[in-house]
1. Show the residue pairs meeting these rules: Cβ distance below 6 Å; 6+ apart or different chains; first residue within the range 116-145 and touching a residue at least 60 places away in the same chain (Cβ under 8 Å); second residue among the basic types (Lys, Arg).
2. On the given criteria, is residue 121 surrounded by 11 or more Cβ atoms within 10 Å (Cβ to Cβ) and under 19 Å from residue 40 (Cβ atoms)?
3. Would you pick out the residues in the range 21-68 that are loosely packed, with under 12 Cβ neighbours inside 10 Å, modelled with pLDDT of 90 or more and more than 16 Å from residue 122 (Cα to Cα)?
4. Regarding the range 70-85, can at least one residue be identified that is surrounded by 13 or more Cβ atoms within 10 Å (Cβ to Cβ), of a type in the set (Val, Ile, Thr) and within 30 Å of residue 9 (Cα to Cα)?
5. Assess whether residue 109 counts as being over 30 Å from residue 9 (Cβ atoms), part of a helix (DSSP H, G or I) and at pLDDT 90 or above.
6. Between a first residue in the range 67-93 that is among the basic types (Lys, Arg) and a second residue that is surrounded by 21 or more Cβ atoms within 10 Å (Cβ to Cβ) and in a helix (DSSP H, G or I), which pairs have beta carbons less than 8 Å apart while being 6 or more apart in sequence or on different chains?
7. If you check residue 93 against the conditions, is it at pLDDT 90 or above and either farther than 24 Å from residue 54 by Cα or of a type in the set (Asp, Glu) (or both)?
8. What number of residues within the range 124-136 satisfy the criterion of being of a type in the set (A, V, I, L, M) and either surrounded by 12 or more Cβ atoms within 10 Å (Cβ to Cβ) or within 11 Å of residue 56 (Cβ to Cβ) (or both)?
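The values are calculated or read from the model by the stated rules, or taken from the named source; none is laboratory data. Just so you know, these numbers come straight off a predicted model, no measurement behind them. Here Cβ is always computed from backbone atoms with ideal geometry, including for glycine, and neighbour counts include all displayed protein chains.
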Amino acid sequence: MSLRRLLIAAVAVVALALVGVWIGRMMQPKAHHHGAELHALMHDGLDLDRAQERSLAVLERDFAAKREALEARLKADNALLAEAIAAEHEYGPRVSAAVDASHVAMGDLQKATLEHIFAMRAILRPEQQAKFDAAVAESLAQAGK
């Protein structure tokens, strides 16, 4: 193989790897501030009692660890997608499997987030739940825009 062909092949592999990383980043859930708004409501807008504050602290600690693990898994799945794209150069079986794995990771993160939201709701009194429910509905409506 000539030096010119080798150089062209190397550039093509790097370009495909970058495309794979870009696709992986596009598939990753976007960071948004709706969670921060819900967090602020929980701490500042619902007049939690001490028992609720303690329960909330435990829920937040547990969810932070779970979220970190799920986000790490999603990043790893996206890296595998980039590798698959660089290896196959088409929508082949490795790319398809990597996309499926990434979607599972995204779904697991979404499910864990919803479980956390319902766990937070469960520690609230009925009048607090009404405010919380309105904030969740607003957050989801804003996220869809």
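1. If the second residue must be among the basic types (Lys, Arg), the pairs left are 132/121.
2. yes
3. 61, 64, 65, 68
4. Yes, the conditions are met somewhere in the range 70-85.
5. Yes; evaluated as a whole, the condition is true for this residue.
6. Listed by first residue and then by second, the contacts come to 73/105.
7. For residue 93, the condition - at pLDDT 90 or above and either farther than 24 Å from residue 54 by Cα or of a type in the set (Asp, Glu) (or both) - is met.
8. Residues in the range 124-136 being of a type in the set (A, V, I, L, M) and either surrounded by 12 or more Cβ atoms within 10 Å (Cβ to Cβ) or within 11 Å of residue 56 (Cβ to Cβ) (or both): 3 in total.
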